[in-house]
Structure formats: C-alpha cells, structure tokens
1. What span do the alpha-carbon atoms of the range A:376-417 cover on each of the three principal axes, reported in whole Å from largest to smallest?
2. Cβ neighbours within 10 Å, averaged per peptide: list A:132-138, A:187-193, B:50-56, A:327-333 in order, most packed at the top.
3. Quick one: Debye curve from the C-alpha atoms of the range A:14-165, no solvent, what's log10 I(q)/I(0) at q = 0.12 Å⁻¹?
4. Once label points are set 7 Å from the Cα along Cα→Cβ at both A:Val171 and A:Gln390, what is their separation, rounded to one decimal in nm?
5. Using a 7 Å offset from the Cα along the Cα-to-Cβ direction at both A:Arg415 and A:Leu320, what is the distance between the two label points in nm, to one decimal?
6. Based on the mean of other beta carbon atoms within 10 Å per residue, what is the order of B:161-169, B:204-212, most packed first?
7. Name all residues of the range A:159-195 having a backbone nitrogen under 14 Å from the label point set 7 Å from the Cα of A:Val24 along its Cα→Cβ direction, giving them as ranges.
8. Taking the Cα centre of the range A:14-165 as origin, sum charge times position over the Cβ atoms of Lys and Arg (+1) and Asp and Glu (-1), and report the length of that vector in debye to the nearest 20.
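Each reported figure results from applying straightforward, stated rules to the coordinates on display, with no laboratory input. Keep in mind that this is a model prediction, so the values were computed, not measured. In this analysis, Cβ positions are derived from the backbone assuming ideal geometry, glycine residues included, and neighbour counts consider all displayed protein chains.
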Amino acid sequence: MHRGMHRGMHLGLRGRITIAVALVGLLLSTVLSVTTITVARTTLLDTREDALTRQALANSETLRPEIDTSEAAELQTLLSSLPDGGTPSVIVQTTTGEPVSVSIDTRYGIDVLPSELLDRVVEGRTTGIMRFESEGQPLVAVGIPLTERDASYFEVNTLDDINTAIRTLSVTLMVVTAFATILAMALGFWSSRYALQPLRRIGEAAESVALGQLDTRIDYEDYASDLDLAPLVANFNDMVSALQGRIDRDARFASDVSHELRSPLTTLNASIGVLLNNREQLPERSQQALDLLDLDMRRFTQLVEDLLEISRFDAGAVRLELDSVAIVPTVRAAVASMGGAALRVESDPALDDVVIACDRRRLVRILANYLDNAAKYADGATGVFVERHQPDDDRPATVQIAVEDDGPGVPEAERGRIFDRFNRGDQGGSRGMDLGVGLGLALAAEHARLQGGDVWVEDRHDGGQGARFVVELPLQEPGTADEPDDADDLASVTREEAESFALTGELPAIRIEQGGERA
Amino acid sequence: MGDNVRVGTRILYVEDDQRIRGSVKLALEDDGWQVDEAETGEDAIVNFDRQPSDVVLIDIMLPGIDGFEVCRSIRRRSDVPIIMVTARADTHDVVAGLEAGADDYMTKPLQPKELSARIRALLRRARPNQPGNPRLRFGDLEVVPSEGVVSRDGEQLHLTKTEFRLLVELANNPGKVFSREDLLEKVWGHGVFGDGRLVDVHVRRLRTKVEADPANPRHVVTVRGLGYKLQP
C-alpha cells in the first residue's frame, strides 16, 4: 500500500531513465531537423537567386540594344521575346514626363516591387536583388539598370515552390523527430531493464528478507567486477547478516527468558494447586490470601505467555504454517469447544465446502481471544458469523469471521486503539478482578496480519447494542503441494511444523485450565 | 478427585529442577498418584528398570542424556504412556519428543489439574474396553480391539497404546471423517480445541506401521481440510 502510493506520486527509476533518454533523443533529432531545414532553405534560396540573377543579366544584355522606344506596346513585344526565367518588367525613365512601366504579367508589375529596390535600381543605378512578400506570396526580384534611355530591367520570381518544399521537408522531419523520440523511449525502457537488473535483484532479495527469509544473500561474485555495484551488494549482504544475527539473538533471548520464567511459574502454579487442594484446612484469612494469590497467579501466567508470544512476533521468530482448513466446520468446532455448544454460528452457504489455506492454530487463537474478550467485557458472545466478502470483482474475495456480543460496545474513537498492546479501552477495569491486561486483541491482530488478514471492531450488523469483532482472512485456495496426503509430504512439513509448534504451541495447556475453571 | 485412579498407580517423574519436581510431586500426590522422582535421565532408566511405572513424565532439558534419549530408551523397553514436558520455545522439542515415542506433551508452566487429567486419559485409553466389534478387517489389515492386536497380512504389528487407540477409534467408524479435534478429545482426552499436530504426528507414526506403502496410505487417509478417516 505504502509502496503503491509512492509509485503513484513519483516516476520510478526506470521511468526516469526512459524519459531522460527520450528527451535526449528529442533534443538531438530536433537540432538535426532545424539545422537541416535551415541549410536546405538557405541553399535553395541562394541557388534560386543566383540563377535568377544570371538569367536577368543575360536578358538585360539582350534587351539593352533594343530599348529605343518608350512605347509600351513595343516594350511588351520585346519582353515576350525574352527566354523564360522570372516575370520580366521594364521601366523607362522618360525625361519628359511620367516613367513608362511595362510588365509581361500585371500581377508582378511595378506595383509589387518594393520601393527600396526601386530606389536602389531606378534612382541609384546599381544592380540589386531582394526577397519580399506581396499579398502573402513570397517573391524575389532582381533589378538591373540599363543605361539606354534611363531604363531599368526587373525580373520577379515566386519562391512559393521553395517554401512548399521546405514545408514538406519540415513536416517530414517532424514526423522523423517524433519517431526518433519514441524509438529513444523504447530503447531507454528496454536498456534500463538491463541496467536496473541488479537493483531489481537487490529489491527481490530485500523483499525476501522482509518476508522472513533471513538467509537470503546476493551472490557477490556476480557483481565483484562491477565497481558501482560491488560495494552495494557487499553492504546489503552485511546488513542482512547483521539483521539475521540480531533477530537470532532476540529470538534466543525470548526463548531463554521464556525458559527462565516458565520454571518458577511451574513451581508456583503447582504449589498453589497443592494449597488450593487443602484450602479448607487453612485459617480464613489465609484462604482469602490464597484466593488472591491464585487469581493473580493466573493473570501473571497469562501475561507471561502473551508477552512471550508477542515478543516472538517482534523478534521475527514466528513462522506461518498454512494448513488446508475447511473454514465453516473449523469455526463451528472451535466455537463449540471454546464458546459453548449453545453459541450460535451462522455461516454463508457459499462457504460450506470451501477449504482455505490458513494457519489453523492462529485462526483458533484469534477466535479464542475474541470469545475471551466477549466474556470479559460482555456476558459472552451472542453470535458468530462466517461470511464471504468481495466488494468488487477486481479485489480478491475474503472470509470474514465476526464475533458479536451485547456488551457496552466500543466507542468510535477507541476502535483504532483497541488492538494496541495493553489498551483496555474505556471499558477496561470496569468489571471484577479477572481482566486481562489487553494483549489478547493485540495478539489477535498479529496472528491475522501474519497470514495476510486484518482485524477490526465495528457496530453490530443487526443494529443492536454491543460490539462486533471481525477477523478477515484471504480466501485463498490451498495449493496441492502442501496436502499432507502422503508421508513424503508430511515428512517435508514436519520440520516447519516442529518450528511453529515449538514456537507457539505451548499455550493450549494454560487455556484449558483457565477455560475449565471459568466455565 | 482421582476417583478412577487405581490405588498405587506409579508415575515416574524425571525433572532436574528440584523445586519444580518437589511442587509437582506434591500436587500429583494430592490427586492420589504415587510419584517416583528421578533427577537425571540415567537415574530414570535405572529406576524404570528396577520398577516399571504406569506413566512416565519426562522433562526434555536434562543434564547428561536428554529427555528425548530417555524417552527412546524407555520406549524400547515398554509401551508405557510417556508425557514429555517442554519449556523451550525455539526448538523442535514437541515434534521431536513425539517422534522419540512420547504419547502426549505438555508445556511449562505445568498446571497440575491438567496434568492429572492427561495422565488419567492416557491410563484409561491404555486399557481399551470396546464391547462388540470383536474383529475388524480392512483389506490386509485386521484389528482386534479387545485383545489389543493389529496384524497386516497375518503378521502381528507392534503399536504403542496411543497408536492402537487411535486406530481403533478410526476403525470403529470406518469411512467417518474425524477432525483432529475429535481425535484429540477421544484419544487424548484433551478438552479444548487445540493443536492438531499431536494427531498429525501420531497418524504419521501409525502409517509407517499399518500401511504397506506409508507414502501412499490406503487405510488411514487424509480428508482435505477436515481431518482423517479409515478407508473401509
């Protein structure tokens, strides 16, 4: 959940690498495209201007001896005889009156020529060339002064074709740039996969450590030659070794403490048992003292057991033992055994034949703690419900087992904290002397979370006064591999069984005694 | 208390901690048992050889030879009911103890009342008294509850009393599925929804004796998610 949030808020390393490579690709191809377009445009324009200039010079040479008239009609004929190049125009400066201007194409006559060019050629009598726009059309014009009759010769040519060519080229290059960027992205994505392979391996190793596989190590030899990764791998392995050592020490300590505490507890319990057997022979005040001793001895024993169990969770010394559990019959049997045969168990018919993979012993412990809790804070449970839940198709189905009571309930504000250690809630201490210290629900939470489940308390579903304690477990089909159907499988399970058994299997004896006495 | 305790039923209690031994002995004696003490495994074996007990109670952590070895040693001599007592939390004690031949286990701190109840259950079941069903046959397997005899292909098998009682319980209702809790209650007299692995280990032990191929059991079969049954 935590990780998911991070992933949503930031790009992953791989994403960042991919985007960086794509950006570099985009930048490079853009620079290349822009350069190409600029060079192409310049070259095309220069070539066009050169050609036009040469043509105009040649035409003006042809024209020069012929200009002996300022008659527009004759000039027109003269212009028509010139070889094709631009669109020729002639301006004759007559000394007498208005200049005569003739153009073979009226669209490109004297009117479109920029005044700057006119000034330069007609007035300044020097050759000039100029690019300009007229009515949105790109044009180029060359002007050459002709000495005869004070005339000037102009040729105008459109640059539309060049512009079209450049535009086509730009579009092509833009498409190429886009493709190059996508390609770079794909390349980055693909290559980062390999670049990040070691990180992924370290990540997987870390996850495996987190899941309790403390002997996980990364093979240093694989990375020994990599200057960047070798220290990381070495440090990772050292860290896991240190962690393993520490957890082992903690677990050993918990075990030692457990042994040291259990021995005197045995003596105390047995001695109190003897005293209780002979209670009638004691003076009354001694009997009262003995009863107090007995009650608190039980509380102390339970506290020690719960503390030892929770310390094993903290030390990471617990192992999940998945059994194939027919959920409904198991809950029924457990409730009948611990909560009394009269306690109602309602189950969803959809679960009747469902067998799930869960830690049966832990499930029973959770139920025991819930029933115990109901006995402490209400007059025992009023109902147990086994239901199938699947909020939507995308999420995996779960089994919810709920224990309801008709006690005072748990106020909204307390619900989050009630599963904390040593939290009795507001209801704590309100009733008798036999209250637990509040580790039962915390242990239930640990037992549930260890197998991917959850616990919470809510209002009773029938709206009645009281609390509804829920444990939710994944509705997970057991794999066929751990079916203890044959001796081989059993043999392979036994070692783990042994661990889980020995780690956490000591409690039933105490529960029996207390349950028996209470009932 | 102890109404059904035979007068003079002897318990051999092996425990090196003198205070625990003393207090538990007092409590057991209050319940009517006769308790012989042994401080070490060696003492226990000598003691047992001199005068066999009706029940043996062995603490696993002993100086010298450990509880498992004492258990194996006594099991070689006798099928007397054995209860292992364990305090260590981080070992395979329980299963190892059962593998060594123990019939039941208890964890410290021992509750004398519960201990007495377990001993009574072991002694009761050690003398099965099943009326009717004189001879039960399941393929190559034959069970005679009244005589405590099991044979496969005519050859008599040696079962401990717990294994025998477990088999008879299943055999009296062939095809019926017994949950681990059913069996814990009927065979071991455990009153609470407890740890089914006591049953699992015994079923495995039983299979190695009654099954021709323990890896593919034909008689004592697992019912997925529910428990065990005897295939009729």
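1. 38, 24, 11
2. Working: A:132-138: 12.1, A:187-193: 15.9, B:50-56: 17.6, A:327-333: 21.4.
My ranking of the peptides, most packed first, is A:327-333, B:50-56, A:187-193, A:132-138.
3. Result of the Debye calculation: -0.55.
4. 5.3 nm
5. Simple spin-label model gives 2.6 nm for this pair.
6. Answer by packing, highest mean first, reads B:161-169, B:204-212.
7. A:181, A:184-193, A:195, by backbone N distance to the label point.
8. Working: 11 positive and 22 negative charges, 250 e Å.
Dipole of the range A:14-165, to the nearest 20 debye: 1200 debye.
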